[in-house]
Amino acid sequence: MSIPSSFIDQLIDQADIVEVVGRRLQLNKKGSNFWCLCPFHDDSNPSMAVNQDKQFFYCFVCQESGNAIHFLRQYENLDFVDAIETLASSLGLTVPYENGKQDRMKPSGLVEQAVRFYQKNLNDQIAKKAIQYLKDRSITGETAKKFNIGFAEDKWDALSNHLGKDIPVNELEASGLFSHKDNKFYDRFRGRIIFPIRNIKGEFIAMGGRIIDEGEPKYLNSPETAFFNKSNELFGLFEVKEAEKKIASLIVVEGYMDVIGLYQHGIKNAVATLGTAVTPSHVAKIMRYTNKIFFAFDGDLAGGKAAWKAVENTFPIIREDVNIHFVFFEADHDPDSFINEYGLQAFQKLLDESISLSEYFLSKIKDFNLETLEGRAQAAAFAIPVIHKINNAVIKEIYANEVSQLCGMDVKTMHVPKDSYKTNQNANQNPANPVIPVRVKALINIFSALLKHPTLAQEEIFKGLREDVKFTFLFDVIALYQQSPDIKPSRVLESLESSQIQGYFSQAVIAELDLSEENALKLIEDCINVLLKNQKDREQILKDKYNVTSITKVERRDLQKIILNKEEISDDDRDWLKKLSSNQD
Ligand SMILES: [Zn+2]
């Protein structure tokens, strides 16, 4: 399934980057831009500009830049589809997926066939024990159907036989449904109750299996595949979304049996992580669909750890409009066992009495002995790195003030260990005062000129660069401006594949060069000459390399191309061409 580009256009048109960034970071208007502390590098002065007219952001230090979609991708660590989902849901739009060409991320359909096969098994004699297990857990047939629960027989080839022999090996392998040994494929799931896992679009992408008899492991999940990334998926989210258009709240639990057990008792808004702790992308995903979240982890030690992990992964993207609560169980209970034993009302009471994120965080501080100086110092040392994960300035201030009061010291001014400062893996490592190479500058200037005077996108000026595949992207941009001179910059950005080129384009957008048409044309010509001269230097470098040592195949082809692209080919050039083609290995 793919997303129609018309919808992406619509999104970019309707979304306001100031609102997207402003919901997450504190923006202040200065001049024609809004400014904030850049979340992508260790920033102490606001160096990120957000421009409403251009619908762009740009950091003057680390040079991270782009449109609203790019901001979300970087800030919340999302892939493209997830970023589109986030933006769409914030605007109240539903993403219209269309069946298009098969992409890498799309499940092949084998998983769905397997789900149907296992589901059919559940009605069979062979599934007697499985049915008993579900009955013991008071799971009705209706609930089993809702979650497409199935049963895999304890056989090595039940699914393989069912699917038949004609399926290509790579498809079998890619599905994650089989393990293989000595070139033979075996059913991965055997003797297990099957819990199918769907993505947000409702496609079956993986499954979890609970063993029926004794055996290890008790729970087995599909391995990660091209379309199943467990740190990104939540069991049950599709089912909640299907039933509730605007999700009032979500309860995050640890296992699929918790989701199903709660559902059975009337709590129909639980989702589960899949054998991992809550990750930042989980939190981002949940916050996309609701602004009230309950984390309800098991009452054991691992559950406590999971809750703290959730705090750490929530802090970087926490917003003022999101309410986060924690529910804790007695040591021998999890959500499923609790609701089975005490019922719906008792569970609802737990939700009502749940503690907020800030209460939970501060309770951790109060665990230190705050009566002593040492205890207060330890508490501050514990709190500071966590507080510095918060990007939202208002919330950060509130937490810092609270902790300062508890510890009797101003934690805002205290040193933070460098490692814990980073909140984004994509952050630029060495952003200070970048030296911009001349050819990059030339490119940025060409973009600037085109942005100011789109009608200059006539190919004749650029034809010197035409034959060079390195500049294909430039001609793509030129083509866009030829087709629609008033195309929005953020749309052009969307068409650029390389993030590096996107960065250059963004710099041009933010630079807003004020040029007359005449000067813009002159600038383009100068810059093309710079790029061509660069090419000349490349020719000389390759020739020197050829003479002194040897050149690679790619370099050889490059050099041939440079020479062939010249308007006039000299005798010397001819000699070189001969040398290059005769001397091939
Ligand atoms: Zn930055």
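Summary table
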item	result
Selection count, segment 360-377, where residues are part of a helix (DSSP H, G or I), surrounded by 11 or more Cβ atoms within 10 Å (Cβ to Cβ) and free of Cβ contacts under 8 Å to residues at least 24 places away in the same chain	3
Total residues in segment 231-248, condition within 22 Å of SER356 (Cβ to Cβ) and open to solvent by 20 Å² or more (accessible area, probe 1.4 Å)	1
Residue match in segment 138-147 (condition: under 36 Å from the mean Cα position of the chain (by Cα), surrounded by fewer than 16 Cβ atoms within 10 Å (Cβ to Cβ) and under 30 Å from LEU78 (Cα atoms))	no
Neighbours by Cβ (under 9 Å, 6+ apart or cross-chain): first from segment 28-51, closer than 16 Å to TYR75 by Cα and within 12 Å of the ligand (Cβ to nearest atom); second among the acidic types (Asp, Glu) and open to solvent by 10 Å² or more (accessible area, probe 1.4 Å)	CYS36/ASP43; LEU37/ASP43; CYS38/GLU64; PRO39/GLU64; PHE40/GLU64; HIS41/GLU64; MET48/GLU64
Residue list for segment 394-413, filter: touching a helix residue (DSSP H, G or I) at 6+ places or on another chain (Cβ under 9 Å), open to solvent by 70 Å² or more (accessible area, probe 1.4 Å) and at pLDDT below 80	LYS412
The lone exception for TYR97 - which of (1) away from the ligand (no atom under 13 Å from the Cβ); (2) modelled with pLDDT of 85 or more it fails	(2)
Positions within segment 1-59 being surrounded by 16 or more Cβ atoms within 10 Å (Cβ to Cβ), touching a Gly at 6+ places or on another chain (Cβ under 7 Å) and of a type in the set (Gly, Ala, Ser), in sequence order	none
Unmet criterion (only one of (1) open to solvent by 30 Å² or more (accessible area, probe 1.4 Å); (2) within 21 Å of the chain's Cα centre (by Cα)) for PHE228	(1)
So ASN340, is it within 23 Å of the chain's Cα centre (by Cα) and either open to solvent by less than 10 Å² (accessible area, probe 1.4 Å) or on the phi < 0 side of the Ramachandran plot (or both)	no
Close pairs (6 angstrom Cβ cut-off, 6 or more residues apart or separate chains): over 19 Å from GLU203 (Cα atoms) and open to solvent by 50 Å² or more (accessible area, probe 1.4 Å) in segment 88-99, outside any loop (DSSP other than H, G, I, E, B) and not hydrophobic (A, V, I, L, M, F, W, C) anywhere	LEU91/GLN14
Flag if ALA427 is closer than 21 Å to ILE510 by Cβ, at pLDDT below 70, within 16 Å of the ligand (Cβ to nearest atom) and exposed (fewer than 13 other Cβ atoms within 10 Å of the Cβ)	no
Residue count for segment 478-508, restricted to those that are touching a Lys or Arg at 6+ places or on another chain (Cβ under 8 Å) and open to solvent by less than 20 Å² (accessible area, probe 1.4 Å)	1
LEU344 vs. criteria closer than 17 Å to GLY236 by Cβ and touching a Gly at 6+ places or on another chain (Cβ under 8 Å)	no
Elements of type strands (runs of 3 or more DSSP E) contained in segment 174-263, each with 2 or more residues being over 26 Å from PHE326 (Cβ atoms)	178-181, 184-187, 192-198, 204-211
Qualifying positions in segment 64-75 - farther than 13 Å from LEU37 by Cα and within 11 Å of the ligand (Cβ to nearest atom)	SER65, GLN74
Filter pass, PHE56 being within 16 Å of the ligand (Cβ to nearest atom) and of a type in the set (Phe, Trp, Tyr)	yes
Residues of segment 264-288 that turn out to be buried (at least 23 other Cβ atoms within 10 Å of the Cβ) and touching a Lys or Arg at 6+ places or on another chain (Cβ under 7 Å), as a count	2
Of all residues making up segment 27-49, the number that are out of contact with any Leu (no Cβ under 6 Å at 6 or more places or on another chain) and part of a strand (DSSP E or B)	7
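The values are calculated or read from the model by the stated rules, or taken from the named source; none is laboratory data. If you're wondering where the values come from, they're calculated on a predicted model, not measured in any experiment. Positions of Cβ are generated from backbone atoms using ideal geometry, with glycine treated the same way; all protein chains shown enter the neighbour counts. Surface areas here come from the heavy atoms of the whole protein model, side chains and all, with no ligands, DNA or RNA. Shrake-Rupley method; radii C 1.70, N 1.55, O 1.52, S 1.80 Å.
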